[in-house]
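Enquirer: Take this structure, written in structure tokens, and hold onto it; I'll ask about it next.
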Amino acid sequence: MINQVYRLVSPRQFEVTYKDRSLKHDEDFVVIRPTHLSICAADQRYYTGTRGVEAMAKKLPMALVHEGIGKVVYDPKGELSSGTQVVMVPNTPTEQDEVIAENYLRSSKFRSSGYDGFMQDYVFLSRDRIVPLPENVNPRVAAFTELITISTHAIARFERKSHSRRSNFGVWGDGNLGFITSLILKKKYPGSKVFVFGKTEYKLDNFTFVDGVYQIDKIPENLLIDHGFECVGGQGSQLAINQIIDHIHPEGAISILGVSEYPVEINTRMVLEKGITVIGSSRSGREDFVQTVELMKQFPDILEYFGILVGQVCEVKTVQDIIQAFEKDLTSSWGKTVMEWHI
Ligand SMILES: NC(=O)C1=CN([C@@H]2O[C@H](COP(=O)(O)OP(=O)(O)OC[C@H]3O[C@@H](n4cnc5c(N)ncnc54)[C@H](OP(=O)(O)O)[C@@H]3O)[C@@H](O)[C@H]2O)C=CC1
Ligand SMILES: O=C(CO)[C@H](O)[C@H](O)COP(=O)(O)O
Ligand SMILES: [Zn+2]
């Protein structure tokens, strides 16, 4: 069959590529028709060209988007009935390692970072790269399941690498990732307090489930946290990480999730003096998707909360609609932009 792939070729410019795929290809593959795709900050760095000249030259042309759900249209083994709603896993490992997780293996391929993402008519995925979703899940929320797996993964890593005192957590970042991370922390550690630190009052007002919110220029000097999560990224990362260092108890752990295009300066003297553990966390693997779907089943109310993150919903029927969705996303200050994929 001929598949249409919508690739970014240069900033703000997409081209349609036609790829021939055999349906007899391999029994291990399933064919998914994407239904709802969601735009990540990483996609915007490619779309706008802020990802840096070298990375742009190396990775383009490629189809963007690594957050998305779809429906099974063809399973050569007949294990999944057609129409089953699934979330797609963008990380594609090429080897196994008993120590290093699939999303940290340098050999793994990550969709929309050098390999075609989900902006295609049909996505051909290895059987283990899809996870069925709970029934009746809001597809506009499920569209950004991948972003939820980022927090699931970072919290699982934090759990393994940090000390056991968890009276309170500080989450820096009043956007998508900060919202998701603080909500999952509240669910996983019901006895712990979660404080959120951000820049904008109306965004912080959405964090109704936490124990306190603070504007970053009004943090009480005596406020101390056991552990911190940085969910800011970009230029704001530096200030956020250094504030966490200032407000963390000795031997706390700092989980860094925000992506910065340029290296940031951090107060290493205090990292040493306080004996802080710094944990970097990037992307996620199949197991994190399975755990995230389990979390949705265990705490269905989190899906209601995540509904607050649904920002722009754009129907996409043409390449021009794709451009409009990316442009709308750039001008919206709260939430995720979801594309209803009707192209
Ligand atoms: N590690 C990983 O695998 C992943 C990382 N990311 C990265 O995480 C980062 C956040 O993504 P996302 O939540 O979607 O982005 P958002 O823009 O929704 O969230 C970032 C928020 O942080 C606020 N902010 C800026 N500076 C500070 C500061 N010093 N302290 C506290 N808050 C601050 C921003 O406010 P304002 O907009 O007003 O500046 C914004 O509200 C990005 O860099 C993204 O690329 C995303 C997915 C996966
Ligand atoms: O968003 C992400 C995962 O969900 C990652 O931050 C993203 O994959 C980083 O990749 P790149 O190097 O292409 O910016
Ligand atoms: Zn992402």
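All of the numbers you see were taken from the coordinates with simple rules; none came from a lab. Treat the numbers as computed from the prediction; the structure is a model and nothing was measured. Please note: Cβ atoms are built from the backbone with ideal geometry, for glycine as well, and neighbour counts cover all protein chains shown.
Enquirer: Report, in degrees rounded to the nearest 10, the 0 to 90 angle that the Cα long axis of helix 236-247 makes with the longest principal axis of the chain.
Expert: Relative to the chain, helix 236-247 is tipped by roughly 40 degrees.
Enquirer: Report the extension gain between N136 and N3 in nm, rounded to one decimal, defined as 0.36 nm multiplied by the number of residues separating them, less their alpha carbon distance.
Expert: Numbers: separation 133, 0.36 × 133 = 47.88 nm, distance 2.92 nm.
Result: 45.0 nm gained on full extension.
Enquirer: Shifting gears a bit: Taking other Cβ within 10 Å of each residue's Cβ, how do M88, M296, M339 sort, fewest first? Walk me through the numbers on the way to the answer.
Expert: On the way: M88 24, M296 19, M339 28.
Going from sparsest to densest Cβ surroundings: M296, M88, M339.
Enquirer: What is the fewest-to-most order of R7, R106, R129 by other Cβ atoms lying within 10 Å of their Cβ? Display every interim value, and only then the final one.
Expert: Numbers: R7 18, R106 6, R129 23.
Fewest-to-most Cβ neighbours within 10 Å comes out as R106, R7, R129.
Enquirer: Right, here's the next one. I need two numbers for the chain: Rg to one decimal and Dmax as a whole number, Cα atoms only, in Å.
Expert: According to the Cα coordinates of the chain, Rg and Dmax are 20.1, 64 Å.
Enquirer: Taking the square root of 5 times each eigenvalue of the Cα gyration tensor, what semi-axes in Å does the equivalent ellipsoid of the range 167-288 have, largest first?
Expert: Semi-axes from the Cα gyration tensor: 19, 17, 16 Å.
Enquirer: Same structure again: So what is the relative contact order for the range 56-128, in percent, with contacts set as C-alpha pairs under 8 Å and at least six apart? Kindly include the intermediate steps, with their values, before the conclusion.
Expert: Numbers: 96 pairs, mean separation 27.9, N = 73.
RCO, the range 56-128: 38 percent.
Enquirer: In degrees, nearest 10, range 0 to 90: what is the angle between the Cα axis of helix 319-331 and the longest Cα principal axis of the chain?
Expert: Helix 319-331 and the main axis of the chain meet at about 10 degrees.
Enquirer: A further question follows. Which net charge results when you count Lys and Arg as +1 and Asp and Glu as -1 among the other residues whose beta-carbon is under 11 Å from that of D43? Write out the running numbers ahead of the final one.
Expert: On the way: positive: R45, R51, R111; negative: E67, D329.
The answer is +1.
Enquirer: If Lys and Arg each add +1 and Asp and Glu each add -1, what is the summed charge of the other residues whose beta carbon sits under 9 Å from the beta carbon of Y122? Present the calculation step by step, with values, prior to reporting the outcome.
Expert: Details: positive: R21, R33; negative: D121.
Charge balance in the 9 Å sphere: +1.
Enquirer: I've got another one for you. Checking the cross-link filter: which lysines have an alpha carbon closer than 18 Å to that of K58, excluding same-chain neighbours under 8 positions apart?
Expert: Within reach: K109.
Enquirer: Compute the acute angle (0 to 90°) between the alpha-carbon long axis of helix 176-188 and the principal axis of greatest extent of the alpha-carbon atoms of the chain; round to the nearest 10°.
Expert: 70
Enquirer: Also, I was wondering about something else. With only Lys, Arg, Asp and Glu charged, each at its Cβ (+1 for the first two, -1 for the last two), find how big the charge dipole of the range 149-280 is about the Cα centre; round to the nearest 20 debye.
Expert: Working: 14 positive and 14 negative charges, 113 e Å.
The dipole of the range 149-280 has a size of about 540 debye.
Enquirer: I want the local charge near A55. Using Cβ-Cβ distances under 14 Å, sum +1 for each Lys or Arg and -1 for each Asp or Glu among the other residues. Numbers along the way, then the final one.
Expert: Details: positive: R45, R51, K58, K59; negative: D43, E54, E261.
Summing Lys and Arg as +1 and Asp and Glu as -1 gives +1.
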